Amino acid sequence: MLQVLLSGLAIGAVYGLVAMGFAIAFYVTRVINFAQGQLLMVAVMVTAAIARTGASPVLAIVCGILAAGAVGVLTYLVAVRPVLAFDRFSFAWLVSTLGVALILENLAAIIWGPTSRSFPTLLSGTSVHVGGATLTLQEVVTIAVAIVLAVAFEVVRKRTLFGKLGMAIAYDPEMARAIGANTTLFAIVAFAAAGVFAGVAGVLIGPITYSNPYLGDTYGIAGFVALMIGGTERPVAAMVGGLLLGVLGEGANRLINTQASDWFPFVVVVVILLLMPEGLFSIGGRLSGLLRGATRPREAAS
Amino acid sequence: MRAAGLIDSEPAVAGSAARSLPWRPSAYLAGLAGYVALTYWFAHGSLYLQGLILVAAVFGILAISLDLVAGMTGLYSLGHAGLFALGAYTTTLLYNDHHWSLWALLPVSIVEVGLVGLVLGALSLRVSGLYFAITTFVFTLVLTVVASDFAFTGGYGGLIGPIFPGFPGGLSWLGQSLIWCCMAGLLVAIAIALGLRNSPFYPVLLAIRDAEPFAAAAGARTALVKISVFGLSAAMAGAAGWIFAFQGIVSPGQFNWAVSVNILVMVILGGMNTTLGPVLGAAFVTMFPAQVNINPFWQEVLFGSLFVLVIVAFPAGAVGLVRMLLRALVGRVRPSASAPRVAVPPAADVSVERPPAAPARAAGTAAVPAVRCRDVVFAYTKGTRVLNGVDFVVEQGTIHGLIGPNGSGKSTLVDLIAGRLRPQAGTIEIDGTPLEHAGPAARARNGFMRTFQAAVLVRELPALDNVLVGLYSRVPRVALRAPVWPVLPGARRDARRMHAAALDSLSFVGARAWARNRVADVPHGVEQLTQLAAACASGPRTLVLDEPLAGLSPSEVEHAAELLSELKRSGVSVVLIEHQPRFVFALCDAVTVLDAGVVVASGPAAEVRENERVRKVYLGQ
């Protein structure tokens, strides 16, 4: 059971990073970037390509992550900003970001070929024993990195002026602009961060999946499902959604059959959408709302 | 401030005259003949051409069905690939495994997928438009997973579909029967879209999309309408799935989420909320890969670039682009001399053209007040009461002013009376009927209408069509009849009557000259008058006007005052929320003053005016 939990957390951390990328971009711009999964793929492909030239794997990884961030920004400038400029409330970005996903996926297939190729491994086969379970070092690092990034994001969001301005923009972009916030800059930063999160997820999963131009589809959808589980309103909730999805998928594989993780997450997401349309953690919000509501009328009555 | 030049500016003549043109059966017949000839030609074409046409026609149906929800009601469904798959798989599975008749399977697919659409719509429209897109997206994902991972659907390889029966011997000169079938399907889809778009229900749909409170106040049950339109759209997708099953193999790859987006691209590319746009978009997107024979990867890149380019550069689509060009051309020819000037109609004319008020209640109940609120309590968030035990009575046939400083709760009280909000405590009766738990739609049917402080109208439609929305509660079953509107016997008569009533109402408020102008192009004063005309068109017994004089020029205010007196003369009870005390005390029979959520004074206008507290709190004397 512990093995299922830990292996699930490791793969869930990757889903969670992709989901957080979705959520960060959505948080500031109210846009779901459907090319998010492809950003992961970009990081994997660039890293692999640079490593093949004989450069240091660390340099390759850094370049890969930066490339994902850069492509994220490019996506915003080319496919999102003009749409929002035309009509802030339109959903036309559904189509344009999907167009970007198609472009990225097929360009990668053209440049590096449509088949799987090697990916540099930094942490070779050391295993770590936790209780009765065994994890690879790679898996341990994955979980650790995901947690550190999620906490770091939360600290920036809540404790810095920059993060607070971001919250203001998320709440009411017009008002935030009126007090002088540069909403475009924040959107660019958000898309860059979303790309970096996806890129980190990519280099963490790369040693297992190898480099393949179609990685974006798989992890994009998994990240999206994680986002749905966590709810779109808080980026950290998306990370939790990812971890939960990972554990549930592993559990389903173990308990139902080895292919169950292909469909089991969808069952989860359907149940969540039906019962808690605003994500699993909206229920916490509702609870605290009830608590607050219970205390307030008394003040008013006096 | 916008200059409200009701008197001194002229209406522009452009505007969407096309929609209001009377139907020309000959044009439709000619179009139909051309369509049949084209189908005949396709049915005798090469197999290659037929393959292209089959796919294009099926996706044409899908694109039209998606445009009904995306274009007309503003709901971006990503579930159409899933609905489409459901139709195709149902047909294939029931035919292969249970040997159902193909002809029975068509209605089965339509009803089944339609019902699934209704359920999906009801579940997913609870939260927001984005949630709708997401839920329908997940629906498609789930169906793809079921299709690929389960044995009964044949897994990734899919299933071999049924073969479409050929024409019987005598009709074999018609050529390939499947071509006739899918072209007929496409024709039905076009006819449904055309019917809806030319029915008086169309302005109501757009009002639900762009100005939901207005549609609700006119009596439309907006949530039900949205769900029903999605159900209709799903049923069409089910029919498309039935046709698609005959093309050979039915496999999960043909229905994945990217297909949902492809359909949306077809709609946007061709032009949202146009009848032919989606068909053109579908033809282009399906035929493009077959025609441009390049490396498949480059082709996909090209496709992706096309998605982005279309969205970024031509958000209005191909048909929208053509329309914009046409409008630019037509707009230049501007018969300024003949443009009618709007003048305040003399009072004598007004009474003649006013639509007859709905018959007042039976004489015995004359004593029942038009509106009676008792001890109404309301709070937006728990704790802070916006209204704290308000009693408010409007006698039949009077103009009742509701005044109070900003934040006193006037608009909240109006929203409660109009059913947009529900009180936490207290009762609200309209014409003696307790309605505190009913929504706006029930009120409209009871002869209650309202206007909004900031006019909410469909800006892309002419003023006349906006007034048609106000008649919604007066035309029986207009929503049900809309999809087949042109072929219904009583429809033309009803449409004529509605047009006449709407024009009468516009004449009554003195804005008839603006009837054909899009609301986006009219001055502020005319917008207010259009709102008033929409509220008056159905002949309401009770009318609530939320700051109808705000932003009007002095002459317009005088005109509006005249209208109010006229409404009162014809027996309508009016509640008037207003800030300008001058008009309130001159016009109103009775006045209620609100302050901080409680009634400060209420009674005959003269009495309230002399009230010490009112002078202090409100009049600043």
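The values are calculated or read from the model by the stated rules, or taken from the named source; none is laboratory data. This structure is a prediction, so every number in the text was calculated from the model and none was measured. For neighbour counting, all protein chains shown are included, and Cβ atoms are generated from backbone atoms with ideal geometry for every residue, glycine included.
For (1) of a type in the set (D, E, K, R); (2) within 12 Å of another protein chain (Cβ to nearest Cβ), each residue gets a yes or a no:
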site	(1), (2)
B:241	no, no
B:245	no, no
B:263	no, yes
B:278	no, no
B:293	no, no
B:300	yes, yes
B:308	no, yes
Within the bounds of region A:201-216, is there any residue that is in a helix (DSSP H, G or I), farther than 13 Å from residue A:17 by Cα, at pLDDT 85 or above and within 13 Å of chain B (Cβ to nearest Cβ)?
-> yes
Going through (1) closer than 23 Å to residue B:578 by Cβ; (2) in a strand (DSSP E or B) one by one, residue B:411 fails only at (2)
Pick from region B:123-154, criterion part of a helix (DSSP H, G or I) and more than 11 Å from chain A (Cβ to nearest Cβ), ranking: modelled with the lowest pLDDT = B:151
Checklist (1) closer than 30 Å to residue B:295 by Cα; (2) among the hydrophobic types (A, V, I, L, M, F, W, C); (3) more than 14 Å from chain B (Cβ to nearest Cβ); (4) exposed (fewer than 15 other Cβ atoms within 10 Å of the Cβ) applied to residue A:77, failing item | (3)
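Every residue, every condition in (1) assigned to a loop (DSSP other than H, G, I, E, B); (2) over 33 Å from the mean Cα position of the chain (by Cα), yes or no:
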position	(1), (2)
B:528	no, no
B:531	no, no
B:535	no, no
B:545	no, no
B:550	yes, no
B:567	no, no
B:575	no, no
B:592	no, yes
B:599	no, yes
Looking at A:58, A:14, which one is farther than 20 Å from residue B:301 by Cα, out of contact with any helix residue (DSSP H, G or I) (no Cβ under 8 Å at 6 or more places or on another chain) and part of a helix (DSSP H, G or I)?
-> A:58
Any residue at all in region B:263-280 that is in a helix (DSSP H, G or I), surrounded by fewer than 21 Cβ atoms within 10 Å (Cβ to Cβ), more than 12 Å from the chain's Cα centre (by Cα) and modelled with pLDDT of 85 or more?
-> yes
Per the filter on region B:548-593, residues among the charged types (D, E, K, R), in contact (Cβ under 8 Å) with a residue 60 or more places away in the chain and over 17 Å from residue B:523 (Cβ atoms) are B:562, B:566, B:568, B:569, B:578, B:589
From the residues in region B:562-585 that are farther than 29 Å from residue B:442 by Cβ and modelled with pLDDT of 85 or more, which one is surrounded by the most Cβ atoms within 10 Å (Cβ to Cβ)?
-> B:562
Hey, can you tell me all the residues within region B:372-401 that are in contact with a Leu (Cβ under 8 Å, 6 or more places away or on another chain), closer than 20 Å to residue B:547 by Cβ and more than 14 Å from every other protein chain (Cβ to nearest Cβ)?
-> B:373, B:390, B:392, B:399, B:400, B:401
Could you list all residues from region A:80-103 that are buried (at least 21 other Cβ atoms within 10 Å of the Cβ), at the interface with chain B (Cβ under 8 Å from one of its Cβ atoms), in a helix (DSSP H, G or I) and out of contact with any Leu (no Cβ under 8 Å at 6 or more places or on another chain)?
-> A:83, A:96, A:98, A:100, A:101, A:102, A:103
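If you check B:61, B:110, which single one turns out to be surrounded by 24 or more Cβ atoms within 10 Å (Cβ to Cβ) and either within 14 Å of chain A (Cβ to nearest Cβ) or β-branched (Val, Ile, Thr) (or both)? So that I can check it myself, show each step before the final result.
Details: B:110 fails: surrounded by 24 or more Cβ atoms within 10 Å (Cβ to Cβ).
It is B:61.
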Just one of the numbered conditions (1) over 25 Å from residue B:190 (Cα atoms); (2) crowded, with 24+ Cβ neighbours inside 10 Å; (3) touching a Gly at 6+ places or on another chain (Cβ under 6 Å) is not true of residue B:472; which one?
-> (1)
Is it the case that residue B:539 is crowded, with 24+ Cβ neighbours inside 10 Å, at positive phi and of a type outside the set (Asp, Glu)?
-> no
Within region B:546-559, track down each residue that is surrounded by 24 or more Cβ atoms within 10 Å (Cβ to Cβ) and either among the small types (Gly, Ala, Ser) or at pLDDT 90 or above (or both).
-> none
